[in-house]
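Peer 1: Supplied in structure tokens, the structure appears directly below.
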Amino acid sequence: MMSTKKIVILAGPGESTDILFHALDAEFGVHRIIVETPVSQQQLLKRRTEKLGYAKVAGQILFKLLIAGPLARKSGKRLQAIKQQANLNDQPLPEDRVIRVPSVNSPECIAQLQALQPDVVVVNGTRIIAKKVLTSVPCKFLNTHAGITPLYRGVHGGYWALANNDAAHCGVSVHLVDAGIDTGGIIAQALISPTPEDNFVTYPLLQLAAGLPLLKQAVRDVLRGEVKLQPAPAGVSRLWSHPTLAEYLANRRAGTR
């Protein structure tokens, strides 16, 4: 179904954005992709340190260097198998439809949204979007979150669910975007079933593959004016961050890869 309405993607650069674009473009036709410049590593570490403290951030850096990097290199075949099984297209974005802005919260981004006048905005991998952006155009903003909200907000929701022995909440959510962190109304959720071949670096791709059909349906519902929100699962809402080396090793001994 190629839509005559304008679907705009608002995203950070990366493979998940490439995959999401091609999935939506094949289904509906995407009008434009607004891509923000990511926050620099220096700024990111400074903000994270202010929030979490030096010890926590140092542990996260060690995890990335000693665990996540090597895991990604070892998991290449598994990642490719997931892409093939789910028919995920990771080709680069078509530059003729890309609009680049310094930030999703910049005046340039707001100006582009107002010029495009989208019927729906699909968000992926951006920094937290300010209310001034969300209210700059009269349409809904949708996001696919790699976790079951509101229990696993933040990052690596699938991993943390498994680390908490909570496979019943290891999955993905499609929700409306508000000014909070993964706090918008829930449209749909789905679980994933990792295999013994899966680990920390493959869970997000499994979640993306499971979330794309939900996102496509959510876009259809938004364009028809038929969005229905789902009740939040019972439990404590919590914001999760990257694991530290010590946390990962402890969870690894308990059986979570």
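Peer 1: Compute the separation of the alpha-carbon centres of region 184-248 and region 59-98 and state it in Å as a whole number.
Peer 2: Here the two parts' Cα centres lie 17 Å apart.
Peer 1: Return the distance in nm (one decimal) between the two label points of a simple spin-label model at Glu226 and Thr37, each offset 7 Å from Cα along Cα→Cβ.
Peer 2: For Glu226 paired with Thr37, the spin-label model returns 4.3 nm.
Peer 1: Could you work out how far apart the two model spin labels at Val98 and Glu50 are, taking each label as a point 7 Å from the Cα in the direction of the beta carbon, and quote it in nm?
Peer 2: Going from the Val98 label point to the Glu50 one covers 3.0 nm.
Peer 1: Another question, then. Can you tell me the convex hull volume per residue for region 141-257, based on C-alpha atoms, in Å³ to the nearest whole number?
Peer 2: On the way: hull volume 10.9 nm³, N = 117.
Per-residue hull volume (Cα only) is 93 Å³.
Peer 1: Run the numbers for Ala179 and Arg127: contour at 0.36 nm per residue of separation, minus the present Cα-Cα distance, in nm. Walk me through the intermediate numbers first.
Peer 2: On the way: separation 52, 0.36 × 52 = 18.72 nm, distance 1.10 nm.
So the extension gain works out to 17.6 nm.
Peer 1: Here's another thing I want to ask about it. Find out how many positive minus negative residues lie around Asn105, taking Lys and Arg as positive, Asp and Glu as negative, among other residues whose Cβ is under 12 Å from that of Asn105.
Peer 2: Once all neighbours under 12 Å are counted, the net charge is +1.
Peer 1: Given R₀ = 30 Å, FRET efficiency for Asp90-Arg252 by Cβ-Cβ distance, to 0.05? Before the final figure, lay out the partial values.
Peer 2: Details: r = 28 Å, r/R0 = 0.94.
Here the calculated transfer efficiency is 0.60.
Peer 1: How long, wide and thick is region 196-257, going by the Cα atoms along their three principal axes, in whole angstroms, largest first?
Peer 2: 48, 28, 17
Peer 1: Further question on the same structure: Could you work out Rg/(2.2 N^0.38 Å) for region 15-68, with Rg from alpha carbons only?
Peer 2: Working: Rg = 16.9 Å, N = 54, 2.2 N^0.38 = 10.0 Å.
Computed over Cα atoms of region 15-68, the ratio equals 1.69.
Peer 1: What's the whole-number percent of alpha carbon pairs in region 1-116 lying beyond 22 angstrom?
Peer 2: 53 percent
Peer 1: Points 7 angstrom from Cα along the Cβ direction at Gln114 and Lys64: gap in nanometres?
Peer 2: Placing both labels 7 Å beyond Cα along the Cβ direction yields 3.5 nm.
Peer 1: What value, in deg cm²/dmol to 500, does the helix sum -39500 (n - 2.57) over DSSP H runs of n ≥ 4 give at 222 nm once divided by the residues of the chain?
Peer 2: -12000 deg cm²/dmol
Peer 1: Taking Cα pairs under 8 Å and at least six residues apart, what relative contact order does region 49-157 come out at, in percent?
Peer 2: Taking the mean separation of contacting Cα pairs over the length of region 49-157, I get 16 percent.
Peer 1: Please report, in debye to the nearest 20, how large the charge dipole of the chain is about its Cα centre when each Lys and Arg carries +1 at its beta carbon and each Asp and Glu carries -1 there.
Peer 2: 560 debye
Peer 1: Using only C-alpha atoms and all pairs of different ones, pull out the Kirkwood radius for the chain in Å with one decimal.
Peer 2: 19.0 Å
Peer 1: Another question, then. How much net charge surrounds Glu197 when only the other residues with a Cβ under 10 Å from the Cβ of Glu197 are counted, with Lys and Arg +1 and Asp and Glu -1?
Peer 2: Net charge around Glu197: +2.
Peer 1: Give me D for region 109-178 in µm² s⁻¹, whole number, from Stokes-Einstein with Rh from the Kirkwood sum over alpha-carbon pairs, 20 °C and 1.002 mPa s.
Peer 2: The diffusion coefficient I find is 160 µm²/s.
Read the figures in this text as sums done on the coordinates, not as results from a lab. Keep in mind the model is a prediction, meaning the values are calculated, not measured. Cβ sites come from the backbone with ideal geometry, for glycine too, and all protein chains shown count toward neighbours.
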